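Accompanying notes for the structure given below.
No value in this document is a laboratory result; all are computed from the given coordinates. Source: prediction; values computed, not measured. Every residue, glycine among them, receives a Cβ derived from its backbone with ideal geometry; neighbour counts consider all protein chains shown.
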Amino acid sequence: MHRTGELYGHFETLEQQKESAALGMWIFLVTEVLFFGGLFLTYTINRHAFSAAFGAGSNTLDLTLGGFNTVVLIMSSLTMAMAVWSAQVGKKQLVSIFLIATVVLGTIFLGVKVIEYKQKFDHHLIPGAGFDIRYHAEHPTAADNAGKIAEEKEELEKAFAKDPDLNAHAQLYFSLYFGMTGLHALHMIVGAGLLVWLIKGSFAGRYTPKYNTPVEIVGLYWHFVDIVWIYLFPLLYLIDRHH
Amino acid sequence: MSEHIVSPKIYVAIFLTLMAGTAITVWAAYQNFGAFNIVIALGIATFKATLVVLYFMHARYSPRRTQLVIVCSVFWLAIMLALTLADYQTREHTVGRLAPPVIFNLVRT
């Protein structure tokens, strides 16, 4: 049995029923804010203590890929909002189209993340025994621009001059990078699963002006994940770009 | 139901503002504002997050009690950040003045 928006016995009105569902989602999101908040706090304390290592670590990230992903994710928030609107005004076909667009954009985001993680593995930037922040500058491939490699080397020398333990401290940066983006990506995967469930429902024409609560509250979750990225992008990618 | 429907026009306007915010964030990161780089980056991010909450997440049109829950979440986050950072700032031995974490020294190459 699928719900169609009938009034349940413990609610006075349909409006109250819908508001309660949204309120429940918001309370869950409050716990999520504090959950991610702890990580942002850890990040702040360590970035303050090891600013040279965090700057050097941040500059190894690919700003083009990160910027592209930011655009993709904000776009997916727009399509999610449009899916909610489509359900509210009763355009059943548009609901499916916008939900599919959202899940496609979310998948593109995750795909780009895979490329970025792969690059970090190739450059020996995974915290652990093989970690070497100088690796890429010392082992450039044919595809690398010689001028950029020289620049990278010079920057790393300066950073090592400020902090002789840079290689150890940069691992803190990368632990946080993988922890925070990984947790964010996990939320995206959960969100994509919820979207697939919504798409199935939308094919059955389940979301109407009378009943669109699932689209609305999955939307709340999806926008929250977008907000986390809005903070992660400048904090991880843009620490020390002006040098 | 007295549900408020936000029009696609507003959604697109918010989307364009968010895009502009992202562009400004990247531009500002390449300028040297000294200590203000981080302030500007976080300021723009907070502005963007506020727009998402107010319009995409319909907080502006939500009942008061939902708005109260949202404000509380920010308030509790502020307590966590402010008190913890105050502690780190005012103690003698904090991160950075201690030796690097032992585990990272053991695995260094």
### Task
Please say if region B:1-51 is rounded, prolate or oblate, where rounded means a/c under 1.5 for a ≥ b ≥ c the square roots of the C-alpha gyration tensor eigenvalues, and otherwise the choice is prolate for a/b larger than b/c and oblate otherwise?
oblate
### Task
Grab the beta carbon distance between B:ILE40 and A:ALA129, set R0 = 51 Å, and tell me the FRET efficiency rounded to 0.05.
0.85
### Task
Rank-order A:41-48, A:15-22 by packing density, defined as the average count of other C-beta atoms within 10 Å over each peptide's residues, highest first.
A:41-48, A:15-22
### Message
Within 10 Å of each Cβ in A:210-220, how many Cβ atoms from other chains are there, averaged over the peptide?
### Response
1
### Cα principal axis extents for region A:45-118, largest first, Å
54, 26, 15
### Message
Net charge around A:LEU235, counting only other residues with Cβ within less than 14 Å of its Cβ (Lys, Arg = +1; Asp, Glu = -1)?
### Response
+2
### Query
Among the listed pairs A:LYS120/B:LYS48; A:LYS118/A:LYS162; A:LYS113/B:LYS9; A:LYS91/A:LYS210, which are separated by more than 24 Å between their Cα atoms?
A:LYS120/B:LYS48; A:LYS118/A:LYS162; A:LYS113/B:LYS9
### Query
Going through the DSSP H helices of chain A, which span 18 Å or more along their own axis at the Cα atoms while scoring at least -1.0 as a mean Kyte-Doolittle hydropathy?
A:14-49, A:63-88, A:92-122, A:146-162, A:166-203, A:213-232
#### Entry: Ranked by how many other beta carbons lie within 10 Å on average, peptides B:33-41, A:202-210 from highest
A:202-210, B:33-41
#### Entry: Percent breakdown of C-alpha pair distances by 10 Å bin, ordered from the shortest bin, for chain A
7, 27, 27, 18, 12, 7, 2, 0
